[in-house]
Amino acid sequence: MHRCLTIIEVQNAIFREVHSQHQGKATIARLARTCRTFSSPALDILWKALTSLIYLLRCLPTDLFQWKREDVDSANFSVVTVRFQRAMSRSDWEIFFRYSSRVRFLSVSSPDFYVGRQAKLADDVIFTLSHPPGYGSLAPYLKTLHWTRSQEEYAPLFWALLSNSLVDLALPCLLLRSPTTSILLTSRCLSLKSLHVYSEKGHEALPLKLLSETVLYLHSLESLELECCALDKEAISHLSHLPSLAELVMRLPTHLQSRELIPLLTPPAFASLESLTLKVNSLPTLTSLLEVMRFRPRSMSFTVQTMPTPNMHCLFFMALVNACDSEQLSRISLTIELPRGHHVTERPQITLSTFQPLLALPNMTSFTFDMMCNISLDDDAIEALTSHWPKLTKLNLNGNFGWGVKSGVTHRGLITLLSRCAMLSEFAIVVDFTEIDLRNSRVPTSRPGKGITSPCQSAYFIETAIKFPVSIAAFLSDICPRLRRVLLPLGVPIPEVDLEGRTKKWEEVNRLLPALLAVRKQCMEWREGQNGEE
């Protein structure tokens with residue numbers, strides 16, 4: 001063996017490359033059995049990431065477990081239940097830790113799957129694994145744990161995986177309802193850098209005090225995601241002074257008034273924040289908070305739960321631009337999430353003047369505005385937006401709610417959008433295709449796009465009506481040679497509109513696009529060949 005193969009860095013580089021190939025795990029397992037020099041580093045790569053604890057159990061002696069298949073229903077759906085046949089001995093635990101000490105990433109799903117089959121741990125297995133020798137961690141060097149099992153019987157197993165080495169943790173909010181979870185998080189996981197607490201459908205949000213008290217003990221956080229979870233004033237104050245917090249996702253509590261939060265948000269609060277996602281009750285509340293903030297985020301995403309007026313939109317965008325570094329901010333999203341059954345009697349009107357403050361952001365790459373408003377834009381408005389946002393890669397204007405009024409954006413405005421924003425890959429707008437929506441015999445031989453070729457791959461033409469799919473497909477295949485699919489999304493029904501008929505015509509466009517794109521590619525290759533011969 002060449003001496004360079006004994007260098008651990010070289011071994012790791014080779015084994016990582018082998019592991020990424022097809023059937024890489026089997027190859028790594030063979031390398032681990034080749035010689036003692038390869039054994040330890042190869043096993044480190046092989047066991048670095050696991051998607052189930054069952055893999056560790058399979059390393060133990062076969063006489064330790066009973067694997068019993070149980071049929072659940074008449075559709076041949078079965079579950080494999082793992083039970084003990086005897087108690088775990090000291091040598092069994094040594095084998096277990098020989099492999100579990102190599103695990104750095106563990107994802108435990110609900111339900112758990114092993115080799116394509118649903119698996120379940122019996123109560124005696126959970127109890128034994130939850131009480132390892134010395135009451136240490138089951139995986140002492142684990143860095144990332146993504147846990148989706150919220151069942152109460154699995155909680156002790158989750159607790160046994162917590163350790164000081166953990167830096168990235170994702171768990172359901174139901175687990176945090178147990179005081180034991182909070183105690184262990186605040187005592188064992190003080191080095192956490194990323195915490196993601198997600199909610200599950202059908203379950204109530206976590207009580208404010210439980211999560212807030214846990215957050216107060218975490219001083220190394222870089223990312224905090226709290227889906228549908230809120231924090232109290234003390235926890236928000238704690239987060240605002242964390243020197244390394246770069247990403248924050250949370251919901252502002254409805255009982256807190258903006259005047260209570262304003263003193264917590266004055267500079268240098270959230271000085272290192274790069275991404276902020278907030279769910280708030282109203283847009284004016286959000287505006288009043290932004291008016292006192294000064295920070296440098298790259299991405300801002302907001303969801304409101306009450307309908308604002310057009311003037312509120314403009315004031316919000318002004319406060320947003322003033323609060324952020326205009327050179328730094330590049331991604332903005334503003335959406336609405338109304339209560340189920342809520343009906344909007346009158347939709348406010350949105351024009352270019354509403355978005356005027358945002359034109360001061362030269363590095364905008366993604367803009368989403370989905371607010372159940374009537375949007376009144378024309379080709380000149382598109383030209384104004386694109387002249388200030390040439391780096392745009394995603395544009396979504398009321399993709400779920402439609403524009404509510406006849407669009408002033410024609411095919412020329414679409415050409416302007418695609419030509420000015422050369423990196424645009426996805427957009428959702430309403431376009432009036434009347435001028436080019438012609439019968440097959442009247443489709444012009446000239447190229448309306450004048451030769452532009454956008455890299456855009458996804459187009460969402462919200463509530464856009466067309467008559468002749470062939471002419472639209474021909475136009476789109478010319479200006480977007482990489483376009484793979486066009487969609488007609490709509491979150492709310494339009495009165496007196498045959499949405500089903502519109503959808504069928506756009507489905508026809510989808511069927512035509514691949515063929516037209518292939519023909520255009522053949523023509524281009526033929527022309528290049530002809531030019532080469534000349």
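The values are calculated or read from the model by the stated rules, or taken from the named source; none is laboratory data. If you're wondering where the values come from, they're calculated on a predicted model, not measured in any experiment. No Cβ is skipped: glycine too gets one built from the backbone with ideal geometry, and neighbour counts run over all protein chains shown. These accessible areas exclude ligands, DNA and RNA; they are computed on the full protein's heavy atoms, side chains included. Shrake-Rupley method; radii C 1.70, N 1.55, O 1.52, S 1.80 Å.
Brief remarks on what is shown
- For F367, the requirement of being free of Cβ contacts under 8 Å to residues at least 60 places away in the same chain, closer than 23 Å to T303 by Cβ, under 24 Å from the mean Cα position of the chain (by Cα) and not in a loop (DSSP other than H, G, I, E, B) is met.
- Selection status of L138, within 18 Å of S52 (Cβ to Cβ) and crowded, with 20+ Cβ neighbours inside 10 Å: yes
- Residues in segment 169-198 that are of a type in the set (S, T, N, Q) and open to solvent by less than 40 Å² (accessible area, probe 1.4 Å): 5 in all.
- Residues in segment 223-249 that are part of a helix (DSSP H, G or I) and not charged (D, E, K, R): A235, I236, S237, H238, L239, S240.
- Candidates in segment 404-430 are the residues that are part of a loop (DSSP other than H, G, I, E, B) and over 26 Å from the mean Cα position of the chain (by Cα); of these, the one that is surrounded by the fewest Cβ atoms within 10 Å (Cβ to Cβ) is K406.
- Qualifying residue in segment 16-26 (condition: assigned to a strand (DSSP E or B) and in contact (Cβ under 8 Å) with a residue 12 or more places away in the chain): no
- Residue match in segment 329-339 (condition: β-branched (V, I, T) and assigned to a loop (DSSP other than H, G, I, E, B)): no
- If the condition is being in contact with a Phe, Trp or Tyr (Cβ under 9 Å, 6 or more places away or on another chain), hydroxyl-bearing (S, T, Y) and under 19 Å from L315 (Cα atoms), then segment 343-393 contributes T354, S376.
- Output for segment 1-33, where each listed residue is loosely packed, with under 12 Cβ neighbours inside 10 Å and among the hydroxyl-bearing types (S, T, Y): T6, S20
- Against the conditions (1) of a type outside the set (G, A, S); (2) at pLDDT below 90; (3) under 24 Å from Y154 (Cβ atoms), E9 satisfies every one except (3).
- Failed condition for E337, given (1) within 21 Å of the chain's Cα centre (by Cα); (2) at pLDDT 90 or above; (3) open to solvent by 60 Å² or more (accessible area, probe 1.4 Å): (2)
- Qualifying positions in segment 250-294 - open to solvent by less than 40 Å² (accessible area, probe 1.4 Å), within 23 Å of S199 (Cβ to Cβ) and assigned to a helix (DSSP H, G or I): L261, L286
- Only listed residue being open to solvent by less than 10 Å² (accessible area, probe 1.4 Å), modelled with pLDDT under 90, of a type outside the set (V, I, T) and under 20 Å from V167 (Cβ atoms), chosen from L211, L245: L211
- Residues in segment 340-364 that are part of a helix (DSSP H, G or I), within 26 Å of P268 (Cα to Cα) and in contact with a strand residue (DSSP E or B) (Cβ under 9 Å, 6 or more places away or on another chain): L358 alone.
- Residue that is most open to solvent (accessible area, probe 1.4 Å), among those in segment 370-403 that are assigned to a loop (DSSP other than H, G, I, E, B) and aliphatic (A, V, I, L, M): M372
- Pairs meeting the criteria (first residue in segment 216-241 and closer than 16 Å to A271 by Cα, second residue of a type in the set (D, E), beta carbons under 9 Å, at least 6 apart or on different chains) are E222/E247; S223/D168; S223/E247; L224/E247.
- Residue check, T345 within 27 Å of V405 (Cβ to Cβ) and either more than 22 Å from the chain's Cα centre (by Cα) or crowded, with 19+ Cβ neighbours inside 10 Å (or both): yes
- Residues considered: W159, W147. Of these, the only one that is within 23 Å of S220 (Cα to Cα), open to solvent by 40 Å² or more (accessible area, probe 1.4 Å) and touching a helix residue (DSSP H, G or I) at 6+ places or on another chain (Cβ under 6 Å) is W159.
- Looking at A473, A459, just one residue is surrounded by 18 or more Cβ atoms within 10 Å (Cβ to Cβ), modelled with pLDDT of 85 or more and not in a helix (DSSP H, G or I), and that residue is A459.
- All positions within segment 295-328 that are in a helix (DSSP H, G or I), polar (S, T, N, Q) and within 28 Å of R340 (Cβ to Cβ): N311
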